[in-house]
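Below is one structure, written out as structure tokens; the observations come after it.
The values are calculated or read from the model by the stated rules, or taken from the named source; none is laboratory data. These numbers were taken from a predicted model, which means no experiment stands behind them. Every residue, glycine among them, receives a Cβ derived from its backbone with ideal geometry; neighbour counts consider all protein chains shown.
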Amino acid sequence: MQDSITTDKNSAADENSAVGKRVAADWIKARRERAFRLLAAREQSLHELREKLLKPTAAELADPQKTPPTSTCQALVSQLIEFLLVHDLQSDERFIEGLSNKFLRQGKGPIALKKGYYQHRLDASLVNQYLQSLEHLWYPQVMRVRERRFGDQPPASQREIGQMQRFLAQRGFTPNQIRHAIFQD
């Protein structure tokens, strides 16, 4: 009698284990597909991609049985991200380059760019390295933004100077860059 109870418990445990493995396999397959869709649409930062992959889908919220335990989910996503990194499918360097190009096209300055990098939680050494490589672009950028908005004539009044200063500061330029653009010194 005791042996049959133990056997029943073992078979139930084996069945639960098999169901758990199937749920985990289905879950990671869906995450792999999601990762490829996200990366095909645009480059994603590592942090951004991890958050999106860990976020439950509507189907998972409706049926929690379709989601493995949180620790398993985190481990599976870490393995998936490692795969993406090894195969160069995700790259924070490419993400930084794309984000920088976007901000430069929009007429943004270095402060705005740093804020964008910070929001995506990018590696500080990588950010500093990339910002140094862009250093030569900031004065031409601030001049181009100023001229596009206000023309190339010097400001005629204190009011115009204030408008230029506020506008360029909102675009993320430093005080020195703003002073250079306004007074062209």
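Here are the numbers for the structure shown:
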{"item": "Criterion: acidic (Asp, Glu) and under 30 Å from Gln132 (Cα atoms) - qualifying residue of Glu33, Glu93, Glu60", "result": "Glu93"}
{"item": "Candidates Ile182, Ile178, filtered to the one that is over 23 Å from Leu46 (Cα atoms), surrounded by 14 or more Cβ atoms within 10 Å (Cβ to Cβ) and at pLDDT below 95", "result": "Ile182"}
{"item": "Residue within the range 60-74 that is modelled with pLDDT under 95, part of a loop (DSSP other than H, G, I, E, B) and under 26 Å from Glu93 (Cα atoms) present", "result": "no"}
{"item": "Yes/no for Ile81 being hydrophobic (A, V, I, L, M, F, W, C) and within 27 Å of Arg32 (Cα to Cα)", "result": "yes"}
{"item": "Hey, Ala112 at pLDDT 95 or above, part of a helix (DSSP H, G or I) and not basic (Lys, Arg) or not", "result": "yes"}
{"item": "Residue count, the range 165-182 (criterion: within 20 Å of Leu137 (Cβ to Cβ) and in a helix (DSSP H, G or I))", "result": "12"}
{"item": "Filter result for Leu89 (surrounded by 11 or more Cβ atoms within 10 Å (Cβ to Cβ) and in a loop (DSSP other than H, G, I, E, B))", "result": "yes"}
{"item": "Residue under evaluation Leu126, criteria (1) at pLDDT 95 or above; (2) surrounded by 12 or more Cβ atoms within 10 Å (Cβ to Cβ); (3) closer than 30 Å to Leu46 by Cβ, criterion not met", "result": "(1)"}
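Rundown of residues vs (1) exposed (fewer than 13 other Cβ atoms within 10 Å of the Cβ); (2) outside any helix (DSSP H, G or I), yes/no style:
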residue: Leu85; (1), (2): no, no
residue: Ser100; (1), (2): no, no
residue: Leu104; (1), (2): no, no
residue: Gly107; (1), (2): no, yes
residue: Tyr130; (1), (2): no, no
residue: His136; (1), (2): yes, no
residue: Pro140; (1), (2): yes, no
residue: Met143; (1), (2): no, no
residue: Arg148; (1), (2): yes, no
